[in-house]
Amino acid sequence: MLAPGVFSLWIDAPEIAESAVPGQFVSIYTKSEARLLPRPISICEINRGEKTMRFVYRVVGEGTEEFSKLSSGDKIEVLGPLGNGFPIPEKKAILIGGGIGIPPMLELAKSIKAAGTCEFVSVMGYRDAQTFLLDEFKEQGDCYVATEDGSVGAKGNVLDAMKEYKLNADVIYACGPTPMLRALKAYAAEQGMTCYISMEERMACGIGACLACVCDSKEKDAHSNVKNKRICKEGPVFLAEEVDL
């Protein structure tokens, strides 16, 4: 447990770890016959050397509560990697995470640092002083914090922190609640910045077949021929201008 209700899980998954990229997710199945649908959880870290992967998630129901009680050596059924991830930037970037959208940004930060293709800073938004993963972000580079109650860093949201610390870049990468993504999309448009967002949505199949996780898009989807995109298949990472929030 990293914070109240927030848990970290490492799994041994050689084939998935070998091909996964930052921003993708996996579907983890429960052992209960009453819960047939898997739980989609974003990838937090990939250790290709040890062929393991890390997931940091919040307990929100019976499925994730079951995962929080797993012990070393337990076996679970996992499908992945799924979805499209973040492209590694070549221009100065700001990585932004809000709430449980923070974990998937860690592997992106590690990958950008390893690639050495650009400068970047991170901005993480929390409710309060329970700043899980913050030390690990600081290990990757400069990291700024916003908390709703002002207990750590800037008081307010991630956009408030960006303005307070006068942060600027060529591209934004973000994952978090929809209101945060909507604000960042508008801010990026005003500033002439490219913006990639990772959308969170309830999913069923996780492979694009059921159309349960569609979002509104600017252009028609080739699969359904209507103006939507499947978050699990075309996403979860989109150019902000591609989708309506």
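The values are calculated or read from the model by the stated rules, or taken from the named source; none is laboratory data. Since the model is a prediction, treat every value here as computed from it, not as a measurement. No Cβ is skipped: glycine too gets one built from the backbone with ideal geometry, and neighbour counts run over all protein chains shown. To get the accessible areas, we keep the full protein, side chains included, count just its heavy atoms, and leave off ligands, DNA and RNA. Shrake-Rupley method; radii C 1.70, N 1.55, O 1.52, S 1.80 Å.
The GluC sites (Glu not before Pro) of segment 179-239 meeting both criteria, a DSSP state outside H, G, I, E and B (loop) and at most 15 other C-beta atoms within 10 angstrom of the site's C-beta, are Glu201, Glu219. In whole percent, and with a 1.4 Å probe on the protein chains, what portion of the accessible area of the chain is carbon and sulfur? Using a 1.4 Å probe with all protein chains present, the chain comes out at 46 percent carbon and sulfur.
Among bridges DSSP assigns within the chain, what percent are antiparallel (round to 5)?
In the chain, approximately 50 percent of DSSP beta bridges are antiparallel ones.
Summarising the amide proton neighbourhood of Tyr144: residues at separation of 5 or more, or on other chains, whose placed amide H is nearer than 5 Å comprise Ser122, Val123, Met124.
In the complete set of protein chains, residue-level accessible area for Met180 is approximately 30 Å², probe 1.4 angstrom. Only aspartates and glutamates eight or more places from Lys51 in sequence, or on another chain, were considered; those with a Cα closer than 15 Å are Asp12, Glu15, Glu18, Glu107.
Residues Leu211, Leu95, Leu70, ordered by accessible area of protein heavy atoms at a 1.4 angstrom probe radius and largest first, appear as Leu211, Leu70, Leu95. When only Cα pairs below 8 angstrom with a gap of at least 6 residues are kept, segment 1-150 shows a relative contact order of 23 percent.
For segment 95-166, a simple Cβ point-charge model (Lys and Arg +1, Asp and Glu -1, everything else neutral) yields a dipole of about 140 debye relative to the Cα centre. Structure note, pairs Lys92/Lys166; Lys91/Lys155; Lys31/Lys110; Lys138/Lys185; Lys163/Lys185: Cα-Cα distances above 21 angstrom occur for Lys91/Lys155; Lys31/Lys110; Lys138/Lys185.
Per residue, segment 98-245 exposes 47 Å² of accessible surface when a 1.4 Å probe is rolled over the protein heavy atoms with every protein chain present. If only the Cβ of Lys and Arg carry +1 and only the Cβ of Asp and Glu carry -1, the dipole of segment 76-219 around its Cα centre is close to 240 debye.
Put Thr194, Thr52 in order of accessible area, largest first, 1.4 Å probe: what do you get? Walk me through the numbers on the way to the answer.
Working: Thr194 60, Thr52 25 Å².
Largest accessible area first, the residues go Thr194, Thr52.
Only protein heavy atoms count here; on that basis, with a 1.4 Å probe, Phe67 has an accessible area of about 10 Å². Dipole magnitude for the chain: about 240 debye, using +1 per Lys or Arg Cβ and -1 per Asp or Glu Cβ, origin at the Cα centre. Segment 132-153 and segment 177-205 have Cα centres lying 20 Å from one another. Straight-line cross-link reach from Lys220 at under 19 Å between alpha-carbon atoms covers these lysines, not counting any fewer than eight positions away in the same chain: Lys229, Lys233.
Is the C-alpha gyration tensor of segment 77-141 telling us rounded, prolate or oblate? Criteria: a/c under 1.5 is rounded; beyond that, a/b larger than b/c is prolate, otherwise oblate. The shape class here is oblate.
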